[in-house]
Amino acid sequence: MAHDTPKLNAFPVFLRVEGKTVAIVGGGEEALAKARLLSQSSARLSIIAHQASADLLDWITANGAVHIAAPYAPAHLAGSIMVFAASGEEDLDRRVAADARRQGIAVNAVDRLDLCDFFTPALVNRAPVAIAIGTEGAGPVLAQMIRARIDQLLSPSLGSLATLAVSFRHAAERLLPKGAARRRFWSDFFSGAPARAIAAGRLAEAHDAASRLLVSTTRSTGHIALVGAGPGAEDLLTLRAQRLLMDADIILYDALVPEAVVAMGRRDAERVSVGKRKGCHSKTQAEINSLLVELGREGKRVVRLKSGDPLVFGRAGEEMAALRDAGISYEVVPGVTAAFAAAADFELPLTLRGVTSSLVFTTGHDLKGNSLPDWAKLAISGATVAVYMGRSVAAEVAGRLMEAGLASDTAVAVVENASLGHRRKFHGTLADLPSLEARNDLSGPVMTIIGDAVAGANFEHSEPLALGKLQHAHPRIEGVDA
Ligand code: SAH
């Protein structure tokens, strides 16, 4: 025996409203809220309001609803398939509910459960797909919370995809035998090339892809998404990244991507660390490129998860070239790059009116040799400079910039583990920057930001960058462990 599942006292159904009239009685906020909800459908709205608020009047005009500007009378309800008693006045709502019932019309009275024949759901609308959430009137706040979460999970283009599916229904039934073949077609349709083309707004291409799927005998080819995982905090991922993670068959991730983000994938997705931390390359870039191509050929849906933004110091260029050469479909999903996360942690304006209007992303690994790279010239002319992978070249960067004429007291901000709970912030001047290399208390990724705009940051909870000053601030007790 199954255990007793509590029974629903209100059963969800989808009511056909096309070409039908829905009556709303009321002239204020409650009526407007219901009108807005119902206008997500193609029902004709008839709003019975002797005195309508200015907002409601505007809405009626803008949305082409019928306005009956007369004192309420039972005859106003005739012919409607639903009635909303939304006057905000208890007596009137009771009368409307009783009249509706007498005429055999289902009624909903706003905020009066006892008068309701039905409840309105919180709605996720991807017409023709709808997800209705009901709590039997117990928790509108709960229903809205659930609504928001489901909304995030579903692609904004799901409705267009479903509309396209309708137009392929007949063909699929005609050409594909019922059972596995037809199911596979639809599964590839909703998660493969047609879905991706729709998401990119390319309707004709989606149509072609679906037509090809209908006649193809092989499994659809795979797809690689190069996805930005953001700087580390698991809620700095984009909704698109999260959706792709949940769809992926396999997730390839770099060392800097935290476990919590990788764990957002489907539980049965395969997860492969491809490493690439300084000093311990678990796979070479060439190996990663060919692995991606191979997985694509096997028909896998792959998420290639890269820290920050995939196009910023992520070697995405090489991976995209390999995929292009092999004819494997791929897409790029941007992410929050480390410089933005570090700036946010420091409340540091990267551009500042009247102070700096350009921003440089660099590595500092190109400072060898005699000529100064262009970014250093930009720094000298006042740009804000964000240095990636800059810890081991901190002295070189500071030295060369000062040599070239950047003031030694130019402000510098450093963030280790930006966006994460255990981040550390440091501030100082260009003259202090070399000490970064000597610190052995930093093990996480480090972002360095240099420039006059840094002076506008918030230095609360930030430590001095120079080790000497740090020791001065927290004097060591000599001899304790000697
Ligand atoms: N594609 C990534 C950058 C990869 S290069 C992005 O867009 O952010 C790796 C460098 O990024 C690290 O050496 C460090 O300088 C920086 N970085 C990445 N995550 C960071 C974090 N949480 N805090 C500080 N720096 C970070």
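Among the candidates LEU37, LEU57, single out the residue that is within 23 Å of ARG101 (Cβ to Cβ) and surrounded by 12 or more Cβ atoms within 10 Å (Cβ to Cβ).
LEU37
What is the one condition in (1) within 16 Å of the ligand (Cβ to nearest atom); (2) open to solvent by less than 40 Å² (accessible area, probe 1.4 Å) that ASN289 does not satisfy?
Every listed condition holds for ASN289 apart from (1).
Can VAL261 be described as farther than 30 Å from VAL166 by Cα, at pLDDT 90 or above and outside any strand (DSSP E or B)?
It is true that VAL261 is farther than 30 Å from VAL166 by Cα, at pLDDT 90 or above and outside any strand (DSSP E or B).
Being within 16 Å of the ligand (Cβ to nearest atom), surrounded by fewer than 17 Cβ atoms within 10 Å (Cβ to Cβ), in the same structural domain as ALA413 (by TED's automatic domain parsing) and of a type outside the set (Lys, Arg): is that true of THR351 here?
no
Can you tell me how many residues within segment 299-314 are within 6 Å of the ligand (Cβ to nearest atom) and in contact with a helix residue (DSSP H, G or I) (Cβ under 6 Å, 6 or more places away or on another chain)?
Total meeting the criteria: 1.
Only residues in segment 438-463 that are part of a strand (DSSP E or B) count as the first member; pair them with residues that are more than 10 Å from the ligand (Cβ to nearest atom), Cβ under 6 angstrom, at least 6 apart or cross-chain, and list the lot.
Once the first residue is part of a strand (DSSP E or B) and sits in segment 438-463, its partners that are more than 10 Å from the ligand (Cβ to nearest atom) give ILE449/ALA413; ILE450/VAL385; ILE450/VAL412; SER462/LYS425; SER462/HIS427; GLU463/PHE426.
In segment 292-325, which residues are within 22 Å of the chain's Cα centre (by Cα) and in a helix (DSSP H, G or I)?
ALA316 - this is the single residue of segment 292-325 that is within 22 Å of the chain's Cα centre (by Cα) and in a helix (DSSP H, G or I).
Quick one: ARG147 ticks every box in (1) in the same structural domain as ALA43 (by TED's automatic domain parsing); (2) of a type outside the set (A, V, I, L, M); (3) surrounded by 15 or more Cβ atoms within 10 Å (Cβ to Cβ) except a single one, so which number is it?
(1)
Would a scan of segment 32-50 turn up a residue that is assigned to a loop (DSSP other than H, G, I, E, B), closer than 26 Å to PRO140 by Cα and of a type in the set (A, V, I, L, M, F, W, C)?
Checked against the condition, which is being assigned to a loop (DSSP other than H, G, I, E, B), closer than 26 Å to PRO140 by Cα and of a type in the set (A, V, I, L, M, F, W, C), segment 32-50 yields at least one hit.
Quick one: would you say ARG183 is open to solvent by less than 80 Å² (accessible area, probe 1.4 Å) and outside the structural domain of ASP247 (by TED's automatic domain parsing)?
Taking the combined requirement at face value, the residue does not satisfy it.
Hey, among the residues in segment 315-342 that are free of Cβ contacts under 8 Å to residues at least 60 places away in the same chain and within 16 Å of the ligand (Cβ to nearest atom), which one's least open to solvent (accessible area, probe 1.4 Å)?
Step by step, filter segment 315-342, then rank; the result is GLY317.
Of the residues GLU259, GLU205, which single one is over 19 Å from SER329 (Cβ atoms), open to solvent by 60 Å² or more (accessible area, probe 1.4 Å) and not small (Gly, Ala, Ser)?
Every option except GLU259 fails the conditions.
Has segment 326-345 got at least one residue that is charged (D, E, K, R), more than 30 Å from SER462 (Cα to Cα) and more than 19 Å from the chain's Cα centre (by Cα)?
no
From the set of residues in segment 101-137 that are of a type in the set (S, T, N, Q) and open to solvent by less than 40 Å² (accessible area, probe 1.4 Å), which is nearest to SER42 (Cα to Cα)?
Within segment 101-137, the match that is nearest to SER42 (Cα to Cα) is ASN108.
Could you check ALA395 against (1) surrounded by fewer than 17 Cβ atoms within 10 Å (Cβ to Cβ); (2) within 9 Å of the ligand (Cβ to nearest atom); (3) small (Gly, Ala, Ser) and say which number it fails?
ALA395 satisfies all of (1) surrounded by fewer than 17 Cβ atoms within 10 Å (Cβ to Cβ); (2) within 9 Å of the ligand (Cβ to nearest atom); (3) small (Gly, Ala, Ser) except (2).
Need the failing condition index for THR356 against (1) more than 38 Å from the chain's Cα centre (by Cα); (2) buried (at least 16 other Cβ atoms within 10 Å of the Cβ); (3) more than 19 Å from LEU436 (Cβ to Cβ), just the number.
Condition not satisfied by THR356: (1).
Could you look through segment 208-226, keep only residues that are among the hydrophobic types (A, V, I, L, M, F, W, C) and within 21 Å of LEU295 (Cβ to Cβ), and pick out the one that is most open to solvent (accessible area, probe 1.4 Å)?
Checked segment 208-226; the qualifying residue most open to solvent (accessible area, probe 1.4 Å) is LEU213.
Which fully enclosed helices (runs of 4 or more DSSP H) of segment 333-435 have 3 or more residues being under 30 Å from SER155 (Cα atoms) and not polar (S, T, N, Q)?
The helices (runs of 4 or more DSSP H) meeting that bar are 338-345.
Filter segment 399-413 down to residues that are without any contact (Cβ under 8 Å) to a residue 60 or more places away in the chain and within 16 Å of the ligand (Cβ to nearest atom), then give me how many there are.
1
Just checking, does segment 151-171 include any residue being of a type in the set (Lys, Arg), more than 21 Å from the chain's Cα centre (by Cα), away from the ligand (no atom under 16 Å from the Cβ) and not assigned by TED's automatic domain parsing to the domain that holds GLU298?
Yes, because at least one residue in segment 151-171 is of a type in the set (Lys, Arg), more than 21 Å from the chain's Cα centre (by Cα), away from the ligand (no atom under 16 Å from the Cβ) and not assigned by TED's automatic domain parsing to the domain that holds GLU298.
The values are calculated or read from the model by the stated rules, or taken from the named source; none is laboratory data. Because the structure is a prediction, the values reported are computed rather than measured. With ideal geometry, Cβ positions are generated from the backbone for all residues, glycine too; neighbour counts draw on all protein chains shown. Quick note on the areas: whole protein, heavy atoms, side chains included, nothing else; ligands and nucleic acids left out. Shrake-Rupley method; radii C 1.70, N 1.55, O 1.52, S 1.80 Å.
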